[in-house]
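> The structure is given below, and queries will be raised subsequently.
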Amino acid sequence: MRILEIRKLLLICVATTCVLQDANAQSQIRVGANVQVSKNEEANDHIEVMGAADPNHPERLTACYMLSSIQGSQYSTAVSVSFDNGRTWSRTLQEQISGWPEEPRSLDPTCAYGPESSAYFAAVFGISLEAGTVFFRSSDGGMNWSSPVTLYGAWDRPYIAVDTTGGKYNGRIYVNHSYNVPDFEVSLSSYDGASVAKGMGMQRSLDGGRTFLGPVTRLGLIGPHHEFTNPGNSVVLSDGTVVSLFFEFDGLTRGKYLYHDADGSLKVLFSRDGGVSYNDAAKVADHFEGRSRDWGVGTIPNLAVDPGSPTFKDRLYVVWHDTKKRHEEGLLSYSTDKGKSWAQPARFSDIRLPQDDASGPTEFQTTVAVNKDGVVGVMWYEGIDSPNRGDYWVRFTASLDGGETWLPSVRVSEAPNTLGGNEKWALQGGSSHTAHTNPISLWIQRSIWESSGHTAGLAADANGVFHGFWIDNRTGIRQVWTAPIGVMGPVVKNGAKELADLEDISEKVSVEVGSVAFDQSTNKLSATLRLKNTSKETIIGPLKMRILNLRSELCSPQVMDAENGSPGSGAILDFTRNLPGGILKPNEVSAEKELEFKLADFNKSFRSDGVWIQSLVRFDAREFAKSRSDATPVRSK
C-alpha cells in the first residue's frame, strides 16, 4: 500500500471508527462510520443540508440545514460545527425570522469558511417576492456568530463564495442567488412566464461580511422567454474570477415550472473584476428538469473547482440530474479552460439504469467537491426501486483523472431513508381566505418531501479527506448525518502512469471503424480500428488509445485484452505496433487493430419502452503519443 494511501486511511480512522463498506478489500474508496450531526435534535424534522470544511484547519467542519418540530412549526435554519474532524457536533446558531408578517420562517441555508478562522452563514427569510437574505459571520470558526446583516431580496436560495487565492481580491465574500426585478410586483403563484423578470444577482463584501455592496445583476440572457433563472453556487478561480452557475428555463408557460416539465440549459456567468459586474456567459449543457414521474425529487445543479492541484488546477466541474428519460439520471461535465467550453455530459454512476424509462431507481441530490490533490468526489442519493419515491441510499464515487473515468461507487449511508413505515409524521397546518365572500379554508397535512430538500453537502478538508452531509430517517424522523470519505490512489496526468509522459493528440487524429462482427453464442462483439493523422505534424510512437465513458443500453460491455487489464472505462489500447516505422505521417493511416468486447448481461430483445434500440456499444476515447521534442520514436518489434 502506498504511503499516500496509508496516510489517508489513517486520517479517516482517527476521525471516527473506521468502517469499510465495500466488499472488495482493495477498493480505493473508504467510508468512515456515520455520525449524527443532529444528535440532540431528534424531535425536529430536518431537510436541505449543506456542508463546508475549513481550508486551513482540517479538524473544522460546518453543517447548515433547515429544521422544524413535527408539531407543525415553521421551518428555521441552523448551523452545527465540529472541531474534531466530525466526531462530535454542536449547534451554535438557529435562525427563526419571527418578525416576518406573513411567513415567519427561515429557509435555504448556506455556509462557508474564509481566511483567519472566519466562518459565514446565510439564509432566506420569507418566500415571496419581498423575501430577503440574512448574513452572519463568525471570527472563531463558527462557535459564536455576529448579529445578521440584511442583504437584497431574492426568491430562492443564496450561496456564499470566498476568495482565498491570496490575490488582488483575497478575502472578498460573494453572495449570489436569484434576483427579482423590483419593478415587477407579482406573487410566485401567479407567475405567467411574462410578467416577472428574473435573473442572477450577486453582492460582495470587502470587509469580512460587515457590509455588502451591490447587487450586480443579469437578467435573462437570450430573450424575453429566457428570464426565469434558478441559481447554482459560485466558485473562485486562482486568478480571482468568480464563476456563477445557473439554470435558464426556455419557453415557459403559466405554471409550467411549478408543476410540469421545463427545458432549458445550464450556464455559467463570469465576474473578473471582484464582483463589480457580470461579463459574458457560457453554456455548460442542455438540461431537462421534468417532474412527470418524481415531482418531489429535485436537485439544484452544483459547481466545484480544483483548488490548485499540480495536474488539474482551475478545472471546473458541474453535476446535475437530468430527467429527459423520465428517471433521474446524474450527469457531469467539466471545463479545462476556466469555463469557456465544456465537455460532453456523461454519467458518473456505475449503477445500471432501467431500460423502462418509467421504472427503476433514480439518481438525485448530486453534489461535487475537489480535494487539494485533484481528486474529484461526487455524492448522490440513489433511489431504491420501490413504490415509495422517497426511499434512497447515499452513494459516492471519485475520479482520479479529472472527471473522465470513475472508481466503483460505494454506499456512504449505513441505513436507507424509507417512507411508508413507522416513521414519525411531520405535520403542518394552515389557512387561506381568497375573498370576503368565501369561507376560510383550513387544513392539517403531513409534510412529505421525497428528496429531503434540494441539496446535499460534500466538502474536502485541508488534508484531502471528503466529508458527506445528507438527510435520512433511520431514527424515525429525518436527521442530518455525515461521514468521512477517503480516496486512495494518486492523481496521474492523462489518467494512467502508462500515459503520463505522453501528449494528448486527440485533436490530431481521426478513428476509422472497419469490419465488425458479433458471435451470438459467446456474446462477443469485435471491430477493427485504424487511426488517421489529420494534422500537419508527424506523430511519434508510442501511440495509445484510452477508452472513456463505455456504455450500452442493452448490456454491460467489457473490453477484452486491454493493455492495462481494465475491462471498462480507462482501458488502454496500444497502437504502437500498428504504426509504419513507429511514426504516423500527415494523412497517413495506421494498420488495423482489433478491439473485442464481451457483452455481459445482454438483453437480446433490443427494445426499451416499446422502442427498438440499435446501439450495442458506445464509448469515447482519447489518443496519446510522444511529443515532437522527444528523441527517438518507438518502433514496432
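The values are calculated or read from the model by the stated rules, or taken from the named source; none is laboratory data. These numbers come from a predicted model, not from an experiment. Note that each Cβ is placed from the backbone with ideal geometry, even for glycine, and that neighbours are counted across all protein chains shown.
> Anything in the range 508-555 that is over 18 Å from F619 (Cβ atoms) and among the charged types (D, E, K, R)? List them, or say none.
K508, D519, K532, K536, E537
> Looking only at residues that are within 17 Å of T576 (Cβ to Cβ) and of a type in the set (G, A, S) in the range 489-517, which one is surrounded by the most Cβ atoms within 10 Å (Cβ to Cβ)?
A496
> How about the range 505-535: which of its residues are out of contact with any strand residue (DSSP E or B) (no Cβ under 7 Å at 6 or more places or on another chain) and either farther than 24 Å from S605 by Cα or at pLDDT 95 or above (or both)?
Residues satisfying the conditions are E507, S535.
> Would you pick out the residues in the range 70-109 that are at pLDDT 95 or above and among the polar types (S, T, N, Q)?
S80, S82, N85, T88, S90, T92
> Restricting to the range 364-382, name every residue that is out of contact with any Asp or Glu (no Cβ under 7 Å at 6 or more places or on another chain), part of a strand (DSSP E or B) and on the phi < 0 side of the Ramachandran plot.
T366, T367, V368, A369, V376, G377, V378, M379, Y381
> Ok, one more. In the range 369-392, which residue that is modelled with pLDDT of 95 or more and more than 16 Å from the chain's Cα centre (by Cα) is surrounded by the fewest Cβ atoms within 10 Å (Cβ to Cβ)?
Ranking the candidates gives K372 first.
> Does at least one position in the range 462-469 carry a residue that is small (G, A, S), in contact with a Leu (Cβ under 8 Å, 6 or more places away or on another chain), assigned to a strand (DSSP E or B) and modelled with pLDDT under 95?
no
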